[in-house]
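Presented below is the structure to which this report refers.
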Amino acid sequence: MTPERQQLRRLRWRGTVLFALTTALCLVVLAVMASVIDSRSHTRETYRELTGTVEQLSRSAVSSGPDVRFDSQGIEAWTSIPGTFAYVDPDGIVVASPSQRALPSSAAISGMVERARRSRGPVRSTAPAVRSAVPFRWVALAVPYSDTVALAGVSAAPPPAHRSLDLLLVLTVVGLCTLGTGLGHLLSGMAMRPAIRSIEQHEQFLREAAHELRTPLAVMQLALDDDRSASPTLIATQVGRMSDLVERLLDRARIRSADPASFELEPVRFDQVVELAIEDVDGAEDVRQDLQPSVVVGHAELLAQAVRNLTENAVRHGSGPVAVTLRGRVLEVTDRGPGIAAARRRDVLQGGRTTAVGSGTGTGLAIVSWVAAVHDADVVFGDAEPHGLRVTMTFPAPEP
């Protein structure tokens, strides 16, 4: 694996970890807020119920001065009240249910009783029962016209519904974090595929370019090492070959960096563009042309480059006559060479692939594909008869 791909892979994992941490933090905050809101809601509801209970206890006691007496209805009311409750007067605990051990400590009771006598309404407090370390919530209310105070309390432990909610929130956070991390990693991989593909294409392109450059350089080096065989014609041929390769490298760089939207398209005589482009091809005298007058909306220079590359590819790799036909908006370039296998036709349009080993940089057909994309044209490979390759470029009809 190349350093570039390793760096992309590390970047992908870093992005995945950052995404997972961010998602987990947000979900944990939301889960904690939901749990706190539910807990506070339960606490408010508990105190509301306890307030109703002490009010019922206060009404069930009859006061005719400092002393308080209870009727039979009051006793029935005590037995129907759930939880813990008590009556406390200045002498101590008058009634306790279910027992005095269920009440808080004497200090806690004294504090609540004093606050209830000074207050005109119920007072709230939290204190553990004597027999248990679990905190209880208490509400105290003074019985009217007496020194007696009614107490009612329930456990402050979260109810089963709240514990179930907390468990559900934990499972939801874990599940969403796992799902989000997996999807984030998958999406980051999909987002990086073009970059990885581009790196692979550049690596392939550089390997083939190095292979192509190695041959003319080696020939020139041998010619220079042996003064007797140093032929200017030979060196000039190799220099020309290298110049052609460098020109293709520049073309390849151009299609990588140019913005298709930056080209202004206008109506052009496509048949004249094709004719002039073929004249610049080595071996143009062997190319048969059948061109009908045609007008397409495009960029003349880019169209000429595409036609030149198609024709050069046919001349270089085809054996036999090359035919260029233009009918309306359809351009066909046909040769009698070995053709391109159907499984490889898509690859050669991506660049960095050649139709034969050591025969080029794989740039020409990639440029054709890029020019076609600029003009919204279709490039289709087909088989010629009896053998060979037929490349068809179909341009869209001009808008009215």
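The values are calculated or read from the model by the stated rules, or taken from the named source; none is laboratory data. Everything numeric here is computed off the predicted structure, so don't read it as measured data. A quick note on method: Cβ atoms are made from the backbone with ideal geometry, for glycine too, and the neighbour counts reach across all protein chains shown. The protein model used for the area step is the full one, side chains on, heavy atoms only, and it has no ligands, DNA or RNA in it. Shrake-Rupley method; radii C 1.70, N 1.55, O 1.52, S 1.80 Å.
Key figures for this structure:
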| item | result |
| --- | --- |
| Conditions (1) over 17 Å from residue 369 (Cα atoms); (2) assigned to a helix (DSSP H, G or I); (3) modelled with pLDDT under 90; (4) not acidic (Asp, Glu): number failed by residue 309 | (1) |
| Residues located in the stretch 102-134, provided they are more than 18 Å from residue 53 (Cβ to Cβ) and at pLDDT below 85 | 120, 130, 131, 132, 133, 134 |
| Residue that is farthest from residue 275 (Cα to Cα), among those in the stretch 312-338 that are in a loop (DSSP other than H, G, I, E, B) and open to solvent by 40 Å² or more (accessible area, probe 1.4 Å) | 338 |
| Positions within the stretch 6-47 being more than 19 Å from the chain's Cα centre (by Cα) and charged (D, E, K, R), in sequence order | 38, 40, 44, 45 |
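Residues are listed down the side, and each one gets a yes or a no for (1) within 15 Å of the chain's Cα centre (by Cα); (2) over 20 Å from residue 25 (Cβ atoms); (3) of a type in the set (Ser, Thr, Tyr):
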{"site": "161", "(1), (2), (3)": "no, yes, no"}
{"site": "166", "(1), (2), (3)": "no, no, no"}
{"site": "169", "(1), (2), (3)": "no, no, no"}
{"site": "176", "(1), (2), (3)": "yes, no, no"}
{"site": "184", "(1), (2), (3)": "yes, no, no"}
{"site": "196", "(1), (2), (3)": "no, yes, no"}
{"site": "200", "(1), (2), (3)": "no, yes, no"}
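Conditions tested, residue by residue: (1) at pLDDT below 85; (2) within 26 Å of residue 242 (Cα to Cα); (3) small (Gly, Ala, Ser).
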residue: 329; (1), (2), (3): no, no, no
residue: 352; (1), (2), (3): yes, yes, yes
residue: 357; (1), (2), (3): yes, yes, no
residue: 383; (1), (2), (3): yes, no, no
